[in-house]
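Please read the structure below before turning to the comments.
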Amino acid sequence: MPDTVQVVFTPSGKRGQIAAGKSVLEAAQQLGVDLDTVCGGRGLCDRCQIDLSAGEFAKFGITSDPSHLSPPSAAEREFFGADAKPQRRLGCQAKLLGDAVIDIPPESQAHRQVVRKRADVHGITLGPAVRLHYAEVPEPNMHEPSGDLQRLLDALEFEWGLRDLHCDFHVLAALQPALREGKWKVTAAVHAERDVIGVWPGLKSEAFGVAVDVGSTTIAAHLCDLVSGEARAAGGRMNPQIRFGEDLMSRVSYAMMNPGGEADMTRAVREALQGLIEEVAGEAKVAPEDILDLVLVGNPVMHHLLLGINPVELGGAPFALATDAAVTARASDLELRVHPGARAYLLPCIAGHVGADAAAATLSEAPHAREEITLVVDVGTNAELVLGNSHRMVAASSPTGPAFEGAQISGGQRAAPGAIERVRIDRETLEPRFRVIGCEAWSDEKSFAENAQVTGICGSGIIEVIAELFLAGVIKSDGVIDGAAAEKSARVLPDGKTWCYLLHRDEKKKDSPLIRITQNDVRAIQLAKAALYAGARLLMDKLGIEKLERIRLAGAFGAHIDVKYAMVLGMIPDCELAHVTSAGNAAGAGAIITLLDKTARLEIEDTVRRIEKIETAIEPKFQEHFVDALAIPHKSAAYENLRKEVDLPAPSMGADGEASGRPRRRSRRRN
Ligand code: FES
């Protein structure tokens with residue numbers, strides 16, 4: 001056997017001379033190659049699997065052969081059994097006897113890429129805040145009178161290089177039984193390379209975390225395997241705080257008017273969260289005690305209530321947050337019954353109206369890592385807006401009110417089965433056809449009557465119907481429903497001093513709702529969309545730009561809205577339509593990234609610090625932009641990109657007429 005051998009690792013390309021007889025794992029560690037291990041090279045955890053690439057490698061000047069590794073050990077024979085493939089080995093067991101080319105498969109990389117389907121969003125390199133470390137602890141003896149904990153900490157330092165560790169108090173009670181049951185072999189869970197948060201007898205190779213988006217209407221959770229990075233289960237439930245108030249501001253009011261009301265809301269959201277965690281854990285067949293880390297995002301009011309902070313300061317100017325920094329707490333501090341040492345990390349809030357959910361969406365969409373200027377919009381009862389690129393970022397919220405969610409609309413409802421979500425209007429006859437949530441058929445198809453029950457109209461439906469009425473000439477660019485259209489269609493009806501459009505009435509069904517689009521409905525949408533546009537335009541002013549290169553619409557609203565109609569209404573500034581896309585649940589995605597990759601925590605904390613916060617309420621320009629944006633699509637903006645795709649009617653005068661006036665800030669936002 002030679003003294004040293006030449007080893008080449010792929011795909012990293014790292015290579016070097018290694019003393020013969022060392023294991024592949026030791027060679028990888030010596031050359032800085034990313035090869036996973038939980039058991040520290042004892043043949044117990046199977047995390048270190050490698051493939052030997054056999055053949056002549058002229059490029060490297062070596063011949064690599066299976067005989068250049070030691071024969072399979074007992075641990076390998078037991079692990080691979082009858083399925084053994086000659087090239088697949090455990091890196092900690094295979095000793096180097098000759099030159100070798102070693103391939104590290106993706107699943108054996110400690111910092112592997114977790115697949116995200118789209119290339120234009122933040123990738124995930126696995127590196128959770130909580131990691132498992134197996135250690136063999138020397139037994140106590142009469143000559144070395146140190147405590148069991150000290151010997152565990154020494155072993156973790158010696159075997160894993162973990163220095164200056166602290167230990168959670170609850171671990172002390174579990175330590176001695178674990179050491180003795182495991183015959184002095186234990187697995188420790190270490191948070192942030194600093195705190196020992198759990199200890200188990202023997203080898204433990206599974207740890208889990210949960211990423212949660214706490215919305216004001218729904219709470220959504222993803223349970224992830226912290227060792228493989230795999231998403232194992234997902235679930236959602238209504239936020240029970242709805243019984244204290246539909247929107248966020250009414251919940252803040254509830255806390256103001258009812259002593260102890262904030263505690264009731266905190267209890268309600270924590271109980272729902274506990275139930276949801278147990279549900280996703282049950283689905284993945286994981287014990288809640290194996291959940292060691294949590295990441296939570298939410299708007300500022302949800303963030304405060306979850307932490308048990310009275311949100312009353314967020315109810316009025318200057319909208320002071322208790323903290324805008326990231327928070328790391330123990331899950332037990334939030335009364336969550338998972339592992340007693342589990343940690344909970346809450347992303348930083350950007351400002352009093354722009355929460356940790358917007359920070360998470362920013363992380364996921366990564367405008368701060370791109371050259372092109374991106375606008376990330378999350379629309380709820382307030383719109384949260386983040387604009388910028390790698391050089392500069394600004395953020396604001398805009399008081400859109402709840403009209404986009406179907407509230408304040410005569411036939412409006414939440415997006416739920418039965419709600420009209422798509423509308424088309426014939427330009428000649430003004431006859432509508434529409435689709436409702438829960439039924440694939442359009443209203444003029446035969447199967448519609450059998451399968452659909454119309455209950456109302458939701459946010460995306462109201463946007464489409466108003467945009468279609470505008471394109472059909474029924475609504476003028478100043479937002480007025482034109483009574484002249486009554487000559488064309490009996491659906492345009494007088495409604496007091498104004499006009500309305502009859503979208504749906506099924507005379508054959510006794511309880512069928514009457515769904516009309518009234519002048520007040522159009523006004524409510526005009527006010528909401530003007531606020532949204534004005535917020536975005538204000539941020540563009542701050543950056544000194546006239547054009548947006550990319551717009552990402554986050555949240556449930558962004559997922560359902562048809563971009564073309566949003567643009568026809570002038571909800572967002574003009575942009576090439578192909579570059580305006582849904583970001584899906586970007587806040588939830590940001591929470592998952594933060595759970596699986598601890599470096600993302602530093603990244604978003606740094607990014608949030610750099611974001612310039614703009615308060616629309618004190619910006620005179622906001623009012624100006626708001627008034628100009630009341631017209632459909634806008635009083636003066638050319639909307640050149642939109643005009644390439646859609647024939648827009650000629651503008652009418654007096655677009656800012658009776659709808660003008662500043663909208664009052666109502667509440668924070670979302671789903
Ligand atoms: Fe655990 Fe090889 S490192 S089995």
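The values are calculated or read from the model by the stated rules, or taken from the named source; none is laboratory data. Bear in mind the structure is a predicted one, so any value in this text is a computation, not a measurement. Quick reminder, even Gly has a Cβ in these numbers, built from the backbone with ideal geometry, and neighbours come from all protein chains shown.
Can we say Ala233 is out of contact with any Ser or Thr (no Cβ under 6 Å at 6 or more places or on another chain), surrounded by fewer than 23 Cβ atoms within 10 Å (Cβ to Cβ), within 28 Å of Leu305 (Cβ to Cβ) and hydrophobic (A, V, I, L, M, F, W, C)? Even if it seems obvious, please write down each step before you answer.
Working: out of contact with any Ser or Thr (no Cβ under 6 Å at 6 or more places or on another chain): yes; surrounded by fewer than 23 Cβ atoms within 10 Å (Cβ to Cβ): yes; within 28 Å of Leu305 (Cβ to Cβ): yes; hydrophobic (A, V, I, L, M, F, W, C): yes.
Yes.
What's the number of the only condition in (1) under 20 Å from the mean Cα position of the chain (by Cα); (2) of a type outside the set (S, T, N, Q); (3) surrounded by fewer than 24 Cβ atoms within 10 Å (Cβ to Cβ) that Ile593 fails to meet?
Condition not satisfied by Ile593: (3).
Kindly provide the set of residues from region 152-193 that are among the polar types (S, T, N, Q) and either in a loop (DSSP other than H, G, I, E, B) or in contact with a Phe, Trp or Tyr (Cβ under 8 Å, 6 or more places away or on another chain) (or both), ordered by number.
Start the filter on region 152-193 by keeping residues that are among the polar types (S, T, N, Q), which leaves 176, 187.
Once the filter is applied, which keeps residues that are among the polar types (S, T, N, Q) and either in a loop (DSSP other than H, G, I, E, B) or in contact with a Phe, Trp or Tyr (Cβ under 8 Å, 6 or more places away or on another chain) (or both), region 152-193 yields only Thr187.
Within region 430-441, can one find any residue that is within 25 Å of Gln408 (Cα to Cα), crowded, with 24+ Cβ neighbours inside 10 Å, of a type outside the set (D, E, K, R) and touching an Asp or Glu at 6+ places or on another chain (Cβ under 6 Å)?
Within region 430-441, not a single residue is within 25 Å of Gln408 (Cα to Cα), crowded, with 24+ Cβ neighbours inside 10 Å, of a type outside the set (D, E, K, R) and touching an Asp or Glu at 6+ places or on another chain (Cβ under 6 Å).
Which one is farthest from the chain's Cα centre (by Cα), of the residues in region 386-432 that are polar (S, T, N, Q) and part of a loop (DSSP other than H, G, I, E, B)?
Narrowing region 386-432 to residues polar (S, T, N, Q): 389-390, 397-398, 400, 408, 410, 413, 429.
Within this subset, residues satisfying the condition of being part of a loop (DSSP other than H, G, I, E, B) are 389-390, 400, 408, 410, 413, 429.
Working: Asn389: 19, Ser390: 20, Thr400: 22, Gln408: 29, Ser410: 33, Gln413: 25, Thr429: 44 Å.
Checking each candidate, the answer is Thr429.
Return only the number of the condition from (1) more than 30 Å from His368 (Cα to Cα); (2) of a type in the set (A, V, I, L, M); (3) within 16 Å of the ligand (Cβ to nearest atom) that Ala110 does not satisfy.
Result: Ala110 fails condition (1) only.
Can you tell me which residue among Ala583, Ala559 is modelled with pLDDT under 95 and buried (at least 23 other Cβ atoms within 10 Å of the Cβ)? Before you say what the answer is, go through the steps one by one.
Numbers: Ala559 fails: buried (at least 23 other Cβ atoms within 10 Å of the Cβ).
From the options Ala583, Ala559, the qualifying one is Ala583.
Considering only residues of region 246-255 that are part of a helix (DSSP H, G or I) and out of contact with any Gly (no Cβ under 8 Å at 6 or more places or on another chain), which is farthest from Thr218 (Cα to Cα)?
The initial filter retains those residues of region 246-255 that are part of a helix (DSSP H, G or I), namely 248-255.
So of that shortlist, the ones also out of contact with any Gly (no Cβ under 8 Å at 6 or more places or on another chain) come out as 248, 250.
Values: Leu248: 13, Ser250: 16 Å.
Here the residue is Ser250.
Can you name the residue in region 526-552 that is out of contact with any His (no Cβ under 9 Å at 6 or more places or on another chain) and part of a loop (DSSP other than H, G, I, E, B) and, of all such residues, is surrounded by the fewest Cβ atoms within 10 Å (Cβ to Cβ)?
Among those residues, the one meeting the criterion is Gly544.
Is it true that some residue in region 498-520 is under 26 Å from Pro399 (Cβ atoms), buried (at least 19 other Cβ atoms within 10 Å of the Cβ), within 39 Å of the chain's Cα centre (by Cα) and not polar (S, T, N, Q)?
yes
Restricting attention to region 19-31, which residues are within 13 Å of the ligand (Cβ to nearest atom) and part of a strand (DSSP E or B)?
Ser23
What pairs come up if the first residue lies in region 198-210 and is more than 28 Å from Ala220 (Cβ to Cβ), the second is hydroxyl-bearing (Ser, Thr, Tyr), and their beta carbons are under 6 Å apart, counting only those six or more places apart or on different chains?
Pairs that qualify, where the first residue is more than 28 Å from Ala220 (Cβ to Cβ) and the partner is hydroxyl-bearing (Ser, Thr, Tyr), are Trp200/Thr187; Leu203/Tyr134; Leu203/Thr187; Lys204/Thr187.
Surrounded by 16 or more Cβ atoms within 10 Å (Cβ to Cβ), away from the ligand (no atom under 16 Å from the Cβ) and within 29 Å of Leu203 (Cα to Cα): is that true of Leu35 in this structure?
Numbers: surrounded by 16 or more Cβ atoms within 10 Å (Cβ to Cβ): yes; away from the ligand (no atom under 16 Å from the Cβ): no; within 29 Å of Leu203 (Cα to Cα): yes.
When the stated conditions are applied, Leu35 does not pass them.
For region 40-88, what are the residues that are of a type in the set (D, E, K, R) and more than 16 Å from the ligand (Cβ to nearest atom)?
Pass one, region 40-88, residues of a type in the set (D, E, K, R): 42, 46-47, 51, 56, 59, 65, 76-78, 83, 85, 88.
Listed by number, the residues that qualify are Glu56, Lys59, Asp65, Asp83, Lys85.
Condition first: among the charged types (D, E, K, R) and surrounded by fewer than 20 Cβ atoms within 10 Å (Cβ to Cβ). Now tell me which residues in region 43-60 satisfy that. Spell out the reasoning first.
Residues of region 43-60 that are among the charged types (D, E, K, R), as a first pass: 46-47, 51, 56, 59.
Residues satisfying the conditions are Asp46, Asp51, Glu56, Lys59.
Among the residues of region 496-518, are any in a helix (DSSP H, G or I) and modelled with pLDDT under 95? Before the answer, list the steps.
Just the residues of region 496-518 that are in a helix (DSSP H, G or I), to begin with: none.
No, there is no match, as no residue in region 496-518 is in a helix (DSSP H, G or I) and modelled with pLDDT under 95.
Considering region 194-205 alone, what residues qualify as being under 28 Å from the mean Cα position of the chain (by Cα), in a loop (DSSP other than H, G, I, E, B) and modelled with pLDDT of 95 or more?
Arg194
What about Thr374, is it under 16 Å from Gln526 (Cα atoms) and touching a helix residue (DSSP H, G or I) at 6+ places or on another chain (Cβ under 8 Å)?
Details: under 16 Å from Gln526 (Cα atoms): no; touching a helix residue (DSSP H, G or I) at 6+ places or on another chain (Cβ under 8 Å): yes.
Spelling it out, it is not the case that Thr374 is under 16 Å from Gln526 (Cα atoms) and touching a helix residue (DSSP H, G or I) at 6+ places or on another chain (Cβ under 8 Å).
Answer with yes or no whether Gly229 is at negative phi, in contact (Cβ under 8 Å) with a residue 12 or more places away in the chain and not hydroxyl-bearing (Ser, Thr, Tyr).
Working: at negative phi: no; in contact (Cβ under 8 Å) with a residue 12 or more places away in the chain: yes; not hydroxyl-bearing (Ser, Thr, Tyr): yes.
For Gly229, the condition - at negative phi, in contact (Cβ under 8 Å) with a residue 12 or more places away in the chain and not hydroxyl-bearing (Ser, Thr, Tyr) - is not met.
Quick one: is Gly127 over 24 Å from the mean Cα position of the chain (by Cα) and farther than 30 Å from Glu56 by Cα?
Working: over 24 Å from the mean Cα position of the chain (by Cα): no; farther than 30 Å from Glu56 by Cα: yes.
No, not satisfied.
Is it the case that region 457-473 has a residue that's hydroxyl-bearing (Ser, Thr, Tyr), touching a strand residue (DSSP E or B) at 6+ places or on another chain (Cβ under 6 Å) and in a helix (DSSP H, G or I)? Let's see the steps before the verdict.
The first filter runs over region 457-473 and keeps only residues hydroxyl-bearing (Ser, Thr, Tyr), leaving 460.
Now narrow it down to the ones that are touching a strand residue (DSSP E or B) at 6+ places or on another chain (Cβ under 6 Å): 460.
In the following step, the residues that additionally are in a helix (DSSP H, G or I) were identified as 460.
Yes, region 457-473 contains at least one residue that is hydroxyl-bearing (Ser, Thr, Tyr), touching a strand residue (DSSP E or B) at 6+ places or on another chain (Cβ under 6 Å) and in a helix (DSSP H, G or I).
I need a count of the residues in region 489-531 that are of a type in the set (S, T, N, Q) and farther than 22 Å from Met571 by Cα.
We begin by selecting, within region 489-531, every residue of a type in the set (S, T, N, Q); these are 489, 498, 512, 518-520, 526.
Checking which are farther than 22 Å from Met571 by Cα leaves us with 489, 498, 512.
The qualifying residues number 3.
In the list Gly91, Gly16, which residue meets the criterion of being within 16 Å of the ligand (Cβ to nearest atom), within 24 Å of Glu159 (Cβ to Cβ) and touching a helix residue (DSSP H, G or I) at 6+ places or on another chain (Cβ under 6 Å)?
Details: Gly16 fails: within 16 Å of the ligand (Cβ to nearest atom).
Step by step, each of Gly91, Gly16 is checked, and only Gly91 is within 16 Å of the ligand (Cβ to nearest atom), within 24 Å of Glu159 (Cβ to Cβ) and touching a helix residue (DSSP H, G or I) at 6+ places or on another chain (Cβ under 6 Å).
Six or more apart or on different chains, Cβ atoms under 8 Å: show the pairs whose first residue is in region 79-107 and without any contact (Cβ under 8 Å) to a residue 60 or more places away in the chain and whose second is away from the ligand (no atom under 13 Å from the Cβ) and of a type in the set (Ser, Thr, Tyr).
Close Cβ pairs (under 8 Å, with a partner that is away from the ligand (no atom under 13 Å from the Cβ) and of a type in the set (Ser, Thr, Tyr)) amount to Gln87/Ser53.
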